[in-house]
Structures are given as structure tokens and as C-alpha cells.
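Worksheet: one structure, shown below.
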Amino acid sequence: MTSDPRGVAGYCRAVPQDREPRINPSILSADFANLQAELDRISTADAAHVDVMDGHFVPNLTLGLPIVEALQRVSPIPLDCHLMIDDPDRWAPAYAEAGAAGVTFHAEAATAPVKLAREIRKAGGRAGIALRPATPVEPYVDLLGEFDMVLVMTVEPGFGGQGFLDVTLPKIRRARAAIGDSGFDVRLQVDGGVSASTIERAAEAGADVFVAGSAVYGADDAAAAIGELRHLAAAACRH
Ligand code: DX5
Ligand code: ZN
């Protein structure tokens, strides 16, 4: 880690200076019987992270387009949809058409990621590409101009409440360096096990969008938890 010439803090220094950290709570840890109220609980967040799982790409099954359309009608904040589904080439653009601000699909599941990213953008969404812990970022470096966000999974996708995988930190650093070298305006999101005790590590590595499910919805005061995460991420990456 310290043998790297940029130094650990060098990666968050590569985050553009005007970039405040974003906190996107995951509604996977919300009460699914009261989603409108649960969205209102996180109205101070930057976006609501919506985990779409199909029971194929990941073993878990959550919700799909009709529910995202319903959430879109009532959400006080933008929706950040994370599609953990097979064949996103077929399904992802509809989420952007439904009004989701961000639509992120998995690199491992997409057949034609450039074509798909262009379709999402054409439909008015910000396009994101997600990488499972064992998926390298290098094959996607030349494609960064096609994306608004890279999502480095910090757990194996499928379930909330898992422990943050520190083995993903070098990839977060490499992704941040590649984004800096590319010159494109690309956000770097981390998702899985992000909490008050792990967010600083991710921020130092260069992440600037933080998904937190159990850390926010498990708190008595969700707004306070969001504020604490935002503060910790910003303090860990002061220029
Ligand atoms: C996991 C999901 C995450 C999950 C994070 O596959 O993509 O968004 O909700 O939950 P926590 O923050 O509890 O790890
Ligand atoms: Zn997610």
C-alpha cells in the first residue's frame, strides 16, 4: 500500500476538488411494506439506491420495473438503480425510461456494454457499470467515456449486511487512477459493507459515492447516520 508512489491519500486527491461525497442509502434494508415512508426517512440523502435482483444473476430476488416506477412517483430524491440481473441489454433501458436518474448494470452480465450505456443515456439516465469483487477494472478503462459511474462492489452482490471486503481497495485505487487519467467525469461508487467504520478506507482509496444499506436503515435516526457517513467521507479525503 505505502510502496505505491502516489501514496494512499493520493487516490482521494485525484477526486475532483468540487466533488462532495454522495451518500446513497440502499432500500434493500428498508421495510418493504412501507417503501414510501422509508424513502422519506432518507430524504436528506443524495439518492436512493434500489437493488434490483432477479434470482439468476444473484441468488436473491427483490423487485423490478413496476415497483421502480411506483417508487419514482413518490421518491423525494433521485433513484440510483443497481441492476443485479441477467440480460441487462434487454431490461436496463426501461429503468431509465421510467425516470431513474442512474442505471447501473453488471459488466459480467452485459453482452454489449457500450451499446447499452448509450441506450441508457439516450433514455435520459446516467449509465453505470458494476464490477463484482473478482472482476478487474482494466478491460473497461478504455470505455470510461461511455459511463457516468463505475461501481466497485465491496461485497459479493446479493445480500445486505455483509462485511466490507478490504481486498477490493486496490481495485478502487486503480479505478480512481484510471478515471483521473481518462479526463472523463465519472463517479466511483462503492457498495457493500459501507459503514462508519469502513467508509474512510473507501474514501481514501478514491470512492466518491457511497451506498449504505444496513448502516442507514439499521440506525434509529437515518438522517443522522447519513450525516455522519458524509462527514467521515469528506474528512477522509480533504484536499
Ligand atoms: C448487495 C447490494 C447492496 C446492499 C448493501 O448486493 O447491492 O446495495 O444493499 O447493503 P449493506 O450496506 O448492508 O452492505
Ligand atoms: Zn447495490
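Kindly provide log₁₀ I(q)/I(0) values, in the same order as q = 0.13, 0.15, 0.17, 0.18 Å⁻¹, from the Debye equation applied to equal alpha-carbon scatterers of segment 22-237. Listed by q, the Debye log ratios stand at -0.65, -0.89, -1.18, -1.35.
Just subtract the alpha-carbon distance of residue 238 and residue 69 from 0.36 nm times their residue separation and send over the number in nm, one decimal.
Working: separation 169, 0.36 × 169 = 60.84 nm, distance 3.77 nm.
Contour length minus Cα-Cα distance gives 57.1 nm.
Taking each DSSP H run with n ≥ 4 as -39500 (n - 2.57) and averaging over every residue of the chain yields -10000 deg cm²/dmol at 222 nm. Bridge orientation summary for segment 1-122: considering DSSP beta bridges with both residues in this region, about 10 percent are antiparallel.
Take 60-66, 50-56, 207-213 and order them by the average number of nearby Cβ atoms within 10 Å per residue, most first; the result is 207-213, 50-56, 60-66.
Averaging the sequence gap over all C-alpha pairs within less than 8 Å and six or more residues apart, then dividing by the number of residues, gives the chain a relative contact order of 23 percent.
For segment 22-237, what is the percent of antiparallel DSSP beta bridges, rounded to the nearest 5?
5
Here r is the Cβ-Cβ distance between residue 184 and residue 90 and R0 is 25 Å; the resulting FRET efficiency, rounded to 0.05, is 0.40. Think of it this way: in the chain, 81 stand alone, with no other Cys Cβ under 4.7 Å.
Taking the centroid of alpha carbons for each part, segment 87-102 and segment 182-236 are 25 Å apart.
Take the Cβ atoms of residue 143 and residue 19, set R0 to 25 Å, and the FRET efficiency comes out at 0.75.
Element breakdown for segment 22-237 at a 1.4 angstrom probe: carbon and sulfur atoms account for 51% of the accessible area.
The values are calculated or read from the model by the stated rules, or taken from the named source; none is laboratory data. All values derive from a computational prediction rather than experimental measurement. Counting neighbours? That spans all protein chains shown, and the Cβs are built from the backbone with ideal geometry, glycine included. Only protein heavy atoms, including side chains, enter the accessible area calculation; ligands, DNA and RNA are left aside. Shrake-Rupley method; radii C 1.70, N 1.55, O 1.52, S 1.80 Å.
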